[in-house]
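> Sending over a structure as structure tokens; questions will come in a sec.
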Amino acid sequence: MNFSLLLVLAVALSGLIYLLDAVVLRPKRRARAASAEAASDGGLGTAEREKLYKEPWPVDYARSFFPVLLVVLVVRSFIVEPFQIPSGSMRPTLKVGDFILVNKYAYGLRLPVVNTKFLDVAEPERGDVMVFRFPKEPSVNFIKRVVGLPGDQIRYEGKQLYVNGEPVAKSLVEKGPDASPRQLLLGETLGDAQHAIYNNPLDPGPQMREVEVPEGQYFMMGDNRDHSNDSRYWGFVPEENIVGRAFAVWMHWDGGLPSFTSVRHIE
């Protein structure tokens, strides 16, 4: 289901009904009421007057819902949009069941549905956590970390990420945490972003020869390096597929009661 398309159609339909009433239907109702009032010797009763002025139910609903739907459309399309994390590919940064907020104007403003950029703001930076439409299935949203910018040389070999020939700095934080006893919890510095990643020393994982990121595209990887379906497998993310930058977790829900103890900024 394309929620953006449904929202745009709902705003357009309610807005058209509201406009039609304001320009055509409402003046006609008032004219009929005025004629009836003039033709009545003793004047119209309250019930008769209310009946003549009463809006049809579609107009009543449109007048009530149009401003609400318009605000939701503007906020969701140009300011911030909520998403839920469906997989563990971004652990330990993001967990399954985290509800996140995505900044929709960080990388420029785009028209809803068609996703055409009409205002440049900034470009993605190495280390950003970014939501994008999956290149092989654009109806599906993915979330990964920006590893390679246009023109970068990227290589992944022996659990080590290389950017432009230089190994990305990382250090051991914890060996075999209780939540993932076969994982190493590492701290990684990617650009200005300092964040945690998982590596499984018992899993050989993918090896990737050096590739150059094409102009207008980005190389994305999950923080759960051995359990992430990312650019190492399916290639680059075109600029036009960008949705926005994830910046906060506002709730966690794993099927029980929602929890707000995990509210945090996304590094």
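> Go over the candidates 52, 44 one by one and state the one that is in a helix (DSSP H, G or I), modelled with pLDDT under 90 and in contact with a helix residue (DSSP H, G or I) (Cβ under 8 Å, 6 or more places away or on another chain).
Details: 44 fails: in a helix (DSSP H, G or I).
That would be 52, the only listed residue that is in a helix (DSSP H, G or I), modelled with pLDDT under 90 and in contact with a helix residue (DSSP H, G or I) (Cβ under 8 Å, 6 or more places away or on another chain).
> Restricting attention to region 242-266, which residues are loosely packed, with under 11 Cβ neighbours inside 10 Å and touching a residue at least 12 places away in the same chain (Cβ under 8 Å)?
255, 265
> Could you please find all residues in region 82-112 being among the charged types (D, E, K, R) and either under 18 Å from residue 190 (Cα atoms) or in a strand (DSSP E or B) (or both)? Before the answer, list the steps.
Of the residues in region 82-112, the ones among the charged types (D, E, K, R) are 91, 95, 98, 104, 110.
91, 98, 110 - these are the residues of region 82-112 that are among the charged types (D, E, K, R) and either under 18 Å from residue 190 (Cα atoms) or in a strand (DSSP E or B) (or both).
> Next question, about the same structure. Take region 56-97 and flag every residue that is in contact with a Ser or Thr (Cβ under 7 Å, 6 or more places away or on another chain) and among the charged types (D, E, K, R).
Scanning region 56-97 gives no hits.
> For region 113-162, which fully contained strands (runs of 3 or more DSSP E) count at least 3 residues that are in contact with a Leu (Cβ under 6 Å, 6 or more places away or on another chain) and either of a type in the set (D, E, K, R) or crowded, with 18+ Cβ neighbours inside 10 Å (or both)? Working first, answer last.
Values: elements: 117-119, 129-133, 141-148, 153-157.
In region 113-162, there are no strands (runs of 3 or more DSSP E) which contain 3 or more residues that are in contact with a Leu (Cβ under 6 Å, 6 or more places away or on another chain) and either of a type in the set (D, E, K, R) or crowded, with 18+ Cβ neighbours inside 10 Å (or both).
> Quick check on my filter: what residues within region 239-267 are within 20 Å of residue 127 (Cβ to Cβ), outside any loop (DSSP other than H, G, I, E, B) and out of contact with any Phe, Trp or Tyr (no Cβ under 8 Å at 6 or more places or on another chain)?
Within region 239-267, the subset within 20 Å of residue 127 (Cβ to Cβ) is 239, 241-249, 264-267.
So of that shortlist, the ones also outside any loop (DSSP other than H, G, I, E, B) come out as 239, 241-249, 264-265.
Selection gives 247, 248, 264.
> A further question on this structure: Just the residues that are loosely packed, with under 13 Cβ neighbours inside 10 Å and at pLDDT 90 or above, please, taken from region 180-196.
If the condition is that a residue be loosely packed, with under 13 Cβ neighbours inside 10 Å and at pLDDT 90 or above, then 194 is the only one that fits.
> When region 163-179 is examined, which residues are found to be surrounded by fewer than 18 Cβ atoms within 10 Å (Cβ to Cβ), assigned to a strand (DSSP E or B) and either modelled with pLDDT of 95 or more or among the polar types (S, T, N, Q) (or both)?
Of everything in region 163-179, those that are surrounded by fewer than 18 Cβ atoms within 10 Å (Cβ to Cβ), assigned to a strand (DSSP E or B) and either modelled with pLDDT of 95 or more or among the polar types (S, T, N, Q) (or both) turn out to be 166, 167, 171.
The values are calculated or read from the model by the stated rules, or taken from the named source; none is laboratory data. Bear in mind the structure is a predicted one, so any value in this text is a computation, not a measurement. Methodologically, a virtual Cβ is constructed for each residue, glycine included, from the backbone with ideal geometry; neighbour enumeration extends over all protein chains shown.
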